[in-house]
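Asker: Right, I'll just put the structure down here and ask away after.
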Amino acid sequence: MATKIFINLPVKDLNKSKNFFESLGFSFNPQFSDDKAACMIISDSIFAMLLTESYFKTFTKKELCDANKFTEVLIALDASSRQEVEKTVARAKELGATIYADPADHGWMYQHSFADLDGHQWELAYMDESQMPS
């Protein structure tokens, strides 16, 4: 059974993407990073591989999706608080991300989202499962 997940995302400018995510507080594993790829650490078992578009193309025979025009994936991450959701989305916007949906407050869950520099959609959610409807 799998114990780790590696999300592979094509990026136009690897350095800009790394700077964007480092400014949001993420770090990178240099052991799995070079001039074509950067391994972003999301948690102990979740990673995003940011791959230059030309390198990404070596892994697939399909055309790449322009994530600014089409939705390829929604990457959803949990947050420790509503404030963390708001702070992260606000910081992402300052760094050049776009906000593609209004925040949603479901009482027990608060979520907000942004699209990164390449258009990949990131959803952040704080959930208080003790308040979840039965």
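The values are calculated or read from the model by the stated rules, or taken from the named source; none is laboratory data. No experiment lies behind these values; they were computed from the predicted model shown. Quick reminder, even Gly has a Cβ in these numbers, built from the backbone with ideal geometry, and neighbours come from all protein chains shown. Note: areas computed on protein heavy atoms with side chains; ligands, DNA, RNA excluded. Shrake-Rupley method; radii C 1.70, N 1.55, O 1.52, S 1.80 Å.
Asker: Nearest 20 debye, what's the magnitude of the dipole of the chain about its Cα centre given +1 on Lys and Arg Cβ and -1 on Asp and Glu Cβ?
Answerer: Result for the chain is approximately 420 debye, rounded to the nearest 20.
Asker: Does the range 1-46 classify as rounded, prolate or oblate by the C-alpha gyration tensor (a ≥ b ≥ c root eigenvalues; a/c under 1.5 gives rounded; else a/b over b/c gives prolate, otherwise oblate)?
Answerer: Prolate, since a/c reaches 1.5 and a/b exceeds b/c.
Asker: Whole-Å semi-axes of the chain's equivalent ellipsoid, largest first, each the root of 5 times a Cα gyration tensor eigenvalue?
Answerer: Calculated on Cα positions only, the semi-axes equal 27, 17, 15 Å.
Asker: Quick one: if the Förster radius is 30 Å, what FRET efficiency do residue 71 and residue 6 give, using the C-beta to C-beta distance and rounding to 0.05?
Answerer: It comes to 0.90.
Asker: In the chain, with Lys and Arg counted as +1 and Asp and Glu as -1 at Cβ, which of these residues, 130, 11, 103, has the Cα nearest the positive end of the dipole, that is, farthest along it?
Answerer: Working it through, the farthest residue towards the positive pole turns out to be 11.
Asker: Using only alpha carbon pairs under 8 Å that are at least six residues apart, calculate the relative contact order of the chain and give it in whole percent.
Answerer: Rounded, it is 22 percent for the chain.
Asker: For residue 7, what accessible area in Å² do you get when you roll a 1.4 Å probe over the heavy atoms of the protein chains, rounding to the nearest 10?
Answerer: 40
Asker: Using a Gaussian network for the chain with springs between C-alpha atoms less than 10 Å apart, which of these wobbles most: 96, 25, 107?
Answerer: Result for the chain, Cα springs under 10 Å: 107 fluctuates most.
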